[in-house]
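**Student:** First the structure, then my questions, so here it is.
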Amino acid sequence: MAPFGTLYTYEGNARCLKILAAAKLNNLEIATPPFNIATDHKKPDYLAKFPVGKVPGFETPSGIYLAESCAIATYVAESGPLAVQLLGQDVEERARIQQWIHFCEGELFPFIVDMVLPRVGRLPFEASLDERALKQIGFALEGLERHLQQNEEKGNQWVATQEKLSLADLAIASAMYWGFKVIVDKEMRVHYPKVVEWYLKVVGTEGVKDVFVQADLVEKRWEVGSHTVDV
C-alpha cells in the first residue's frame, strides 16, 4: 500500500516533528526519502512541485504539493481519526489552537533558529542578534509559562485544550526541541517550570515519543561553533 504522502526534508529538521507526530497519532504512513538540503531543493524536479524551493515539501499520491510546515501539519492532522482532537471540536477551540501555532511561528521558532544555527556552525555569530533572540525567547517562554499556570488553575492540561493534546502542543514542542537541546539550559529553565513540565509531558505521550527521540534538556547552553549537527 502506498504511503499517505512523501515528506521531503533532512534529518534533524525540527519543523517536521509536528508533521510526523500528527501522522503517527493518525496512523498515517509518511515516506521520508533521502534528501540533500544543500542541493536537492534547487533541482528542477523539486522546483516544479515546490516553486519557492522551501523545505519541507509534502507530496500526496493524488498530486497535492504543499510547502510550509504548519500547512503540511494541518493537512496531516485533518486527514485521520484524531482530526477533531488535533485541530479542535468547534470554532472557538480551533481558533485557540491556531492562535498558539501562530504564536510559535512568530514569537518563538525564528529566534531559537537565530541562536541555534551559529552554535552548530551554520551561520556566523553576531552578538547583538544573539542577545536580541535570547531576550525574545525569554519573553515568549514567560508568556507561555503564565498561560500554562492559568490553564492549570482552570483544569486544562494542554496549551489550547483541556484533556488531550492538540496540534498547538505539537507545534510549540517542535520549536522547543532544539531550544531545549541547545539554548534553554538548566539555569534558564528554573524560570519556566510549567513549560518544562508541559514539554516533557508532550514528548512523553504515546506516539509522540516515537518521533521526538532524544528530546534532551541541555545542562549548559552550547558555545558558538561547539557542535556540528543538522537542525
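The values are calculated or read from the model by the stated rules, or taken from the named source; none is laboratory data. Here the structure is a predicted model, which is why all the values come from computation and not from measurement. Cβ placement follows ideal geometry from the backbone for every residue including glycine, while neighbour counts extend to all protein chains displayed.
**Student:** Counting only residues that are surrounded by 17 or more Cβ atoms within 10 Å (Cβ to Cβ) and either in contact with a Ser or Thr (Cβ under 7 Å, 6 or more places away or on another chain) or polar (S, T, N, Q) (or both), how many does the range 60-78 have?
**Tutor:** Of the residues in that region, 2 qualify.
**Student:** Please count how many residues of the range 84-103 are under 26 Å from residue 3 (Cβ atoms) and surrounded by fewer than 17 Cβ atoms within 10 Å (Cβ to Cβ).
**Tutor:** 1
For every residue, the table says whether it meets (1) exposed (fewer than 15 other Cβ atoms within 10 Å of the Cβ); (2) in contact with a Phe, Trp or Tyr (Cβ under 9 Å, 6 or more places away or on another chain); (3) touching a residue at least 24 places away in the same chain (Cβ under 8 Å); (4) over 22 Å from residue 171 (Cα atoms).
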{"residue": "2", "(1), (2), (3), (4)": "yes, no, yes, yes"}
{"residue": "6", "(1), (2), (3), (4)": "no, yes, yes, no"}
{"residue": "26", "(1), (2), (3), (4)": "no, yes, yes, no"}
{"residue": "42", "(1), (2), (3), (4)": "yes, no, no, yes"}
{"residue": "105", "(1), (2), (3), (4)": "no, no, yes, no"}
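**Student:** Let me ask something else. Which one is farthest from residue 11 (Cα to Cα) among residues in the range 206-227 that are surrounded by 15 or more Cβ atoms within 10 Å (Cβ to Cβ) and within 15 Å of the chain's Cα centre (by Cα)?
**Tutor:** Filtering the range 206-227 for residues that are surrounded by 15 or more Cβ atoms within 10 Å (Cβ to Cβ) and within 15 Å of the chain's Cα centre (by Cα), the one farthest from residue 11 (Cα to Cα) comes out as 208.
**Student:** Residues of the range 67-77 being touching a strand residue (DSSP E or B) at 6+ places or on another chain (Cβ under 8 Å), free of Cβ contacts under 8 Å to residues at least 40 places away in the same chain and under 29 Å from residue 204 (Cβ atoms), which ones?
**Tutor:** 75 - this is the single residue of the range 67-77 that is touching a strand residue (DSSP E or B) at 6+ places or on another chain (Cβ under 8 Å), free of Cβ contacts under 8 Å to residues at least 40 places away in the same chain and under 29 Å from residue 204 (Cβ atoms).
**Student:** May I pose another question? Yes or no: the range 159-181 includes at least one residue that is buried (at least 19 other Cβ atoms within 10 Å of the Cβ), more than 19 Å from residue 88 (Cβ to Cβ) and without any contact (Cβ under 8 Å) to a residue 60 or more places away in the chain. Break it down into steps so the answer makes sense when it comes.
**Tutor:** Filtering the range 159-181 down to residues buried (at least 19 other Cβ atoms within 10 Å of the Cβ) leaves 159-161, 165-181.
If we keep only those that are more than 19 Å from residue 88 (Cβ to Cβ) too, we end up with 175-181.
Add one more test, that the residue is without any contact (Cβ under 8 Å) to a residue 60 or more places away in the chain, and what stays is 180-181.
Yes: the range 159-181 contains one or more residues that are buried (at least 19 other Cβ atoms within 10 Å of the Cβ), more than 19 Å from residue 88 (Cβ to Cβ) and without any contact (Cβ under 8 Å) to a residue 60 or more places away in the chain.
**Student:** Which of the residues belonging to the range 107-151 are small (Gly, Ala, Ser) and either touching a residue at least 60 places away in the same chain (Cβ under 8 Å) or more than 30 Å from residue 162 (Cβ to Cβ) (or both)? Don't jump to the end; show me each part of the working.
**Tutor:** If we filter the range 107-151 for residues that are small (Gly, Ala, Ser), which is where we start, we get 121, 127-128, 133, 138, 140, 143.
Listed by number, the residues that qualify are 121, 127, 128, 133.
**Student:** What is the residue count in the range 51-63 for residues that are free of Cβ contacts under 8 Å to residues at least 24 places away in the same chain and of a type outside the set (Ser, Thr, Tyr)? Walk me through how you get there before you give the answer.
**Tutor:** First, pick out the residues of the range 51-63 that are free of Cβ contacts under 8 Å to residues at least 24 places away in the same chain: 51-54, 62-63.
From what is left, the residues that are of a type outside the set (Ser, Thr, Tyr) are 51-54, 63.
So the answer is 5.
**Student:** Checking residue 80 against (1) within 24 Å of residue 25 (Cα to Cα); (2) in contact (Cβ under 8 Å) with a residue 24 or more places away in the chain; (3) in a helix (DSSP H, G or I); (4) among the small types (Gly, Ala, Ser), which test does it fail?
**Tutor:** (3)
**Student:** A further question follows. Kindly provide the set of residues from the range 176-231 that are more than 24 Å from residue 21 (Cβ to Cβ) and in contact with a Phe, Trp or Tyr (Cβ under 6 Å, 6 or more places away or on another chain), ordered by number.
**Tutor:** At the first step, the residues of the range 176-231 found to be more than 24 Å from residue 21 (Cβ to Cβ) are 185-188, 190-191, 219-228.
Listed by number, the list holds a single entry, 224.
**Student:** To continue, here is another question. Would you mind stating whether residue 215 is under 22 Å from residue 139 (Cβ atoms) and either aliphatic (A, V, I, L, M) or at pLDDT 95 or above (or both)? Step through it out loud before you land on a result.
**Tutor:** Working: under 22 Å from residue 139 (Cβ atoms): no; either aliphatic (A, V, I, L, M) or at pLDDT 95 or above (or both): yes.
No: the conditions fail for residue 215.
**Student:** Take residue 132 and decide whether it is surrounded by fewer than 23 Cβ atoms within 10 Å (Cβ to Cβ), within 27 Å of residue 77 (Cβ to Cβ) and not assigned by the TED database to the domain that holds residue 22. Let's see the steps before the verdict.
**Tutor:** On the way: surrounded by fewer than 23 Cβ atoms within 10 Å (Cβ to Cβ): yes; within 27 Å of residue 77 (Cβ to Cβ): no; not assigned by the TED database to the domain that holds residue 22: yes.
Taking the combined requirement at face value, the residue does not satisfy it.
**Student:** Might you check whether a residue that is part of a helix (DSSP H, G or I) and farther than 24 Å from residue 209 by Cα occurs anywhere in the range 27-41?
**Tutor:** We begin by selecting, within the range 27-41, every residue part of a helix (DSSP H, G or I); these are 40-41.
Those left that are additionally farther than 24 Å from residue 209 by Cα: 40-41.
Checked the range 27-41: at least one residue is part of a helix (DSSP H, G or I) and farther than 24 Å from residue 209 by Cα.
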